[in-house]
Amino acid sequence: MQVEVSNEQELLEVSESLEAYIIKAAGLTSEFAGGDPAGEASIVLIDDAHIQELNKSYRAMDCATDVLSFALMESNEAEPQILGLDEDHLLGDVFISLETAQRQAIEYGHSLTREIVFLAVHGMLHLLGYDHQIESDTLIMRQKEEEIMGKLDLRRE
């Protein structure tokens with residue numbers, strides 16, 4: 001699994017070790033969720049203003065959120081086909097608001113690293129087809145999240 005982490009915010013420092021943790025978490029998520037080992041994804045670290053703009057544009061919700069996932073494999077018949085581009089391995093993009101992650105880490109009483117990594121795992125699961133629109137799917141997704149976070153030694157405290 002190839003994962004690119006991009007820091008597009010300036011409010012919080014993002015260390016190389018945090019980026020490495022995010023990449024490790026994304027790879028492990030893909031492995032545990034049956035993803036393509038040759039898959040590619042990007043995880044973009046942004047601020048509340050940027051994620052609010054995305055949330056408003058793509059989900060018609062004018063508020064900041066913690067994580068948004070945009071899977072490339074989700075499509076409909078109205079979309080034009082892109083010729084000459086092999087997208088078989090491209091999963092999509094995960095956007096994480098570090099401002100919201102910081103507030104949630106404080107609220108939940110755990111580290112910012114744990115919160116960011118959890119949001120990366122959550123977003124990657126969405127790229128891999130997991131959802132939480134109905135209760136049974138939510139339970140499956142939560143179980144995967146907990147299993148992956150345990151493997152990363154980032155269990156709930």
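The values are calculated or read from the model by the stated rules, or taken from the named source; none is laboratory data. Nothing here was measured: the structure is a model prediction, and the numbers come from that model. Because the Cβ atoms are built from the backbone with ideal geometry, glycine has one as well, and the counts that use them run over all protein chains shown.
Consider Glu115 carefully, then state whether it is part of a helix (DSSP H, G or I), charged (D, E, K, R), surrounded by 20 or more Cβ atoms within 10 Å (Cβ to Cβ) and out of contact with any Cys (no Cβ under 7 Å at 6 or more places or on another chain).
Values: part of a helix (DSSP H, G or I): yes; charged (D, E, K, R): yes; surrounded by 20 or more Cβ atoms within 10 Å (Cβ to Cβ): yes; out of contact with any Cys (no Cβ under 7 Å at 6 or more places or on another chain): yes.
Spelling it out, Glu115 is indeed part of a helix (DSSP H, G or I), charged (D, E, K, R), surrounded by 20 or more Cβ atoms within 10 Å (Cβ to Cβ) and out of contact with any Cys (no Cβ under 7 Å at 6 or more places or on another chain).
Can you find a residue in the range 39-46 that is over 17 Å from Leu127 (Cα atoms), modelled with pLDDT of 95 or more and surrounded by 15 or more Cβ atoms within 10 Å (Cβ to Cβ)?
yes
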